[in-house]
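J.: One structure follows; several queries about it will come next.
The values are calculated or read from the model by the stated rules, or taken from the named source; none is laboratory data. Because the structure is a prediction, the values reported are computed rather than measured. As a convention, Cβ positions derive from the backbone with ideal geometry for all residues, glycine included, and neighbour counts pool all protein chains shown. Just so you know, the surface numbers come from the protein's heavy atoms only, side chains and all, with ligands and any DNA or RNA stripped out. Shrake-Rupley method; radii C 1.70, N 1.55, O 1.52, S 1.80 Å.
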Amino acid sequence: MTTGTWRLTTLVIRRERLIAPFWMALLAVLAAGQAGRYAQSFPTARSIADFAREMAANRALTAFAGEVHSPTVAGMAVWKNADAIYTVLALIAILTIVRHTRGEEESGRAELVGAGVIGRFAPLTAALVFTAGAMVATGLICALAMISTGFDVTGSLSFGAAITAAGLVFTGVGALAAQLTEGARAAIGLAALVLGVSYLVRFTADGSGLTWLKWLSPQGWSHLVRPYGDDNWAALLPALALAALTAALAYLLAARRDLGHGLIPQRPGPAGSARLRSPLSLAWRLHRGLLAGWSVGYAVAGLVLGALARSIPEVSRQGASVQEFLRRYTASPEASMTDAYLWLIALSLGYVAALYPLLALLRLRKEELEGRAELLLATPVSRLRWAGGHLFLALAGSALILAVAGLTLGLAAGDPFGVLGGTLVQIPAVWVLAGVGVLAFGLLPRAAAGISWGAFLFVNLFGEVLGPIMGIDYWIAKYVVPFPNLPMVLSGEEFGAGPLLVMTAITIACSAAGLTALKRRALV
């Protein structure tokens with residue numbers, strides 16, 4: 001049943017030989033770089049202890065980063081970036097395992113490979129071996145990076161183990177999702193939904209002080225390891241158990257389904273439907289499920305996160321760290337910690353929402369690869385009308401999900417219209433990513449998926465995380481990433497249309513260039 005596993009594993013390694021080392025090194029820089037920055041900023045034990053006390057009192061930051069477990073340089077570095085590392089690695093695990101399982105079936109390569117001397121479980125086993133091995137290697141590299149910086153070996157190893165655990169859990173979740181759905185896009189969406197719920201539970205646990213809730217979240221288990229604190233290795237047991245269980249279920253389901261099909265079949269559309277009379281109506285039918293899922297998810301997230309706003313206490317503003325936090329996320333000395341929290345939430349919703357238009361626009365590439373675009377374009381439908389329908393829904397859909405989140409966030413926080421304005425301000429920044437997606441699809445269709453995911457990760461990492469660590473004083477965030485340039489209307493800044501108009505112009509320019517290139521290139 002697993003004949004040929006090693007050959008397929010080497011094939012996966014060859015295909016990932018460039019991208020995997022890159023993200024492993026990136027996460028290691030994220031881990032050790034923050035520690036190095038804190039070592040320079042807080043040269044004495046007293047200074048880092050004061051910083052830890054200030055941050056522990058800041059409930060807004062605690063919700064985002066988790067509890068402070070160790071008032072040391074290494075402990076605070078983990079507090080700052082561990083949650084980002086866990087989340088990014090989980091997303092990478094999902095993308096990797098789905099790409100080499102469901103993605104291979106969807107493209108037809110799995111059927112070609114299966115015509116050889118290949119066991120039924122060999123493709124799944126090869127994908128699991130590589131992805132799980134990459135998760136272990138990433139944790140080990142991050143641990144070695146911390147050790148080489150001069151930090152405690154036991155704490156560094158527990159940090160690496162917590163990183164690995166997050167990756168292994170979502171490797172299993174991604175493998176299971178790949179068996180349930182018929183398309184890679186749906187599998188990624190299902191696994192990402194589990195990741196989003198996990199993050200929301202962990203966020204609620206730390207933001208509300210109900211820390212026992214973290215036992216219900218896979219990301220919470222990694223937080224409960226508490227590296228450089230008491231190094232609670234027992235918290236890894238649920239993660240290992242869930243990873244093993246999901247992998248076993250993936251094998252069980254793989255034995256019960258046909259190649260190319262999932263346990264959740266796709267529903268055929270109605271024969272002779274009068275509703276599909278235009279490219280826009282067809283695009284709406286293709287996107288409505290994705291839009292509904294995002295809208296429901298953002299509505300629930302807004303309610304939960306908005307409810308936490310009522311419990312954010314004020315803290316002393318004397319510490320340098322608190323003043324730096326307020327400088328970055330407020331624009332008025334009268335702004336409260338709740339104002340800063342709400343702006344952080346609105347900004348975070350915008351960063352994540354930037355993924356929606358990219359996923360929507362990648363549907364264009366799928367339609368092209370599977371031949372449906374060629375059939376449609378054989379009719380009087382032009383390329384611009386075909387692509388324009390998808391682009392319109394990508395832009396309108398991202399605006400809708402942010403509006404839904406703003407309404408529920410504001411209702412739960414007690415300021416529906418004010419908070420709604422703060423989330424709607426994010427729309428032009430999200431649209432910039434849509435413009436990048438259209439440009440990639442028009443100019444470099446084969447690389448469109450990689451460019452889209454790369455743009456999303458670049459914006460999220462360099463916007464708030466890697467810039468300070470790499471010592472570039474946020475210049476990338478200021479001049480390349482759109483979100484830091486938005487007016488902080490929820491925390492005291494007057495609304496200014498200038499940045500929003502510039503971002504909208506960039507979106508229009510990128511979209512026009514991409515659509516022009518689409519008109520001139522051959523379908524592939």
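J.: Report the Cα centroid-to-centroid distance between segment 440-464 and segment 169-184 in angstrom, as an integer.
T.: For segment 440-464 versus segment 169-184, the Cα centre distance is 23 Å.
J.: Further, regarding this structure: If you count, for each residue, the other Cβ atoms within 10 Å and average over each peptide, how do 169-175, 343-349 line up from highest to lowest? It would help to have the intermediate numbers written out before the result.
T.: On the way: 169-175: 30.7, 343-349: 24.0.
Listed from highest to lowest mean packing, they are 169-175, 343-349.
J.: Among all stretches of the chain without exposed trypsin sites (Lys or Arg not before Pro) (DSSP loop, at most 15 other Cβ atoms within 10 Å), which one is longest? Working shown, then result.
T.: Working: sites that count: 17, 120, 256, 257, 275, 277, 310, 317, 521.
With trypsin sites (Lys or Arg not before Pro) excluded where exposed in loops, the chain gives 318-520 as its longest stretch.
J.: Arranged from highest to lowest average of other beta-carbon atoms within 10 Å per residue, in what order do the peptides 297-304, 148-155, 188-195 appear?
T.: Working: 297-304: 20.2, 148-155: 16.0, 188-195: 21.8.
Highest mean packing first, the order is 188-195, 297-304, 148-155.
J.: For the chain, with all protein chains present and a 1.4 Å probe, just round the carbon and sulfur fraction of the accessible area to a whole percent. Walk me through the intermediate numbers first.
T.: Numbers: 14940 of 22340 Å².
Of all accessible area on the chain, carbon and sulfur atoms account for 67 percent.
J.: If you take the alpha carbon radius of gyration of the chain and divide it by 2.2 N^0.38 Å, what ratio comes out, to two decimals? If you can, show how the numbers build up before the last one.
T.: Numbers: Rg = 23.3 Å, N = 524, 2.2 N^0.38 = 23.8 Å.
Compared with the compact-globule rule of thumb, the chain sits at 0.98.
J.: What distance in nm separates the two pseudo spin-label positions at residue 411 and residue 281, each 7 Å out from Cα along the beta-carbon direction?
T.: So the label points at residue 411 and residue 281 sit 3.2 nm apart.
J.: When Lys and Arg each count +1 and Asp and Glu each count -1, what net charge do the other residues less than 15 Å away from residue 294, Cβ to Cβ, add up to? If you can, show how the numbers build up before the last one.
T.: On the way: positive: 185, 288, 363; negative: none.
In short, +3.
J.: For labels at residue 144 and residue 494 in the simple 7 Å Cα→Cβ model, what's the distance in nm?
T.: 5.6
J.: Go ahead and run the numbers for FRET between residue 374 and residue 513, Cβ-Cβ distance against an R0 of 30 Å, rounding to 0.05. Walk me through the numbers on the way to the answer.
T.: Values: r = 23 Å, r/R0 = 0.77.
Approximately 0.85, to the nearest 0.05.
J.: Label residue 129 and residue 216 with points 7 Å out from Cα along Cα→Cβ: what is the distance between them in nm?
T.: About 3.9 nm separates the two model spin labels.
J.: Over segment 1-159, give the accessible area per residue in Å² for a 1.4 Å probe, as an integer. Show your work: numbers first, answer last.
T.: Working: 6760 Å² over 159 residues.
Result: 42 Å² of accessible area for each residue.
J.: Further, regarding this structure: Could you tell me which residue out of 211, 515, 151 lies farthest along the dipole of the chain toward its positive end? Charges go on the beta carbon: Lys and Arg +1, Asp and Glu -1, centred on the Cα centre.
T.: Farthest towards the positive pole: 515.
J.: Could you compute the FRET efficiency for residue 208 and residue 232, with r as their C-beta to C-beta distance and R0 at 25 Å, rounded to 0.05?
T.: Values: r = 21 Å, r/R0 = 0.84.
Between residue 208 and residue 232 the formula returns 0.75.
J.: Sticking with this structure for a sec: Using Cα centres only, tell me the gap between segment 501-524 and segment 222-249 in whole Å.
T.: For segment 501-524 versus segment 222-249, the Cα centre distance is 45 Å.
J.: Report the gain in length on full extension from residue 113 to residue 296: 0.36 nm times residue separation, minus Cα-Cα distance, nm rounded to one decimal.
T.: Values: separation 183, 0.36 × 183 = 65.88 nm, distance 3.91 nm.
Extra length available between residue 113 and residue 296 comes to 62.0 nm.
J.: Find how many whole Å separate the alpha carbon centroid of segment 141-158 from the alpha carbon centroid of segment 75-105.
T.: Segment 75-105 and segment 141-158 have Cα centres separated by 20 Å.
J.: How many percent of Cα pairs in segment 1-89 exceed 14 Å? Could you put the intermediate results ahead of the total?
T.: Numbers: 2753 of 3916 pairs.
It works out to 70 percent of all Cα pairs.
J.: Report the gain in length on full extension from residue 252 to residue 303: 0.36 nm times residue separation, minus Cα-Cα distance, nm rounded to one decimal. Working shown, then result.
T.: Details: separation 51, 0.36 × 51 = 18.36 nm, distance 3.72 nm.
Computed gain between residue 252 and residue 303 is 14.6 nm.
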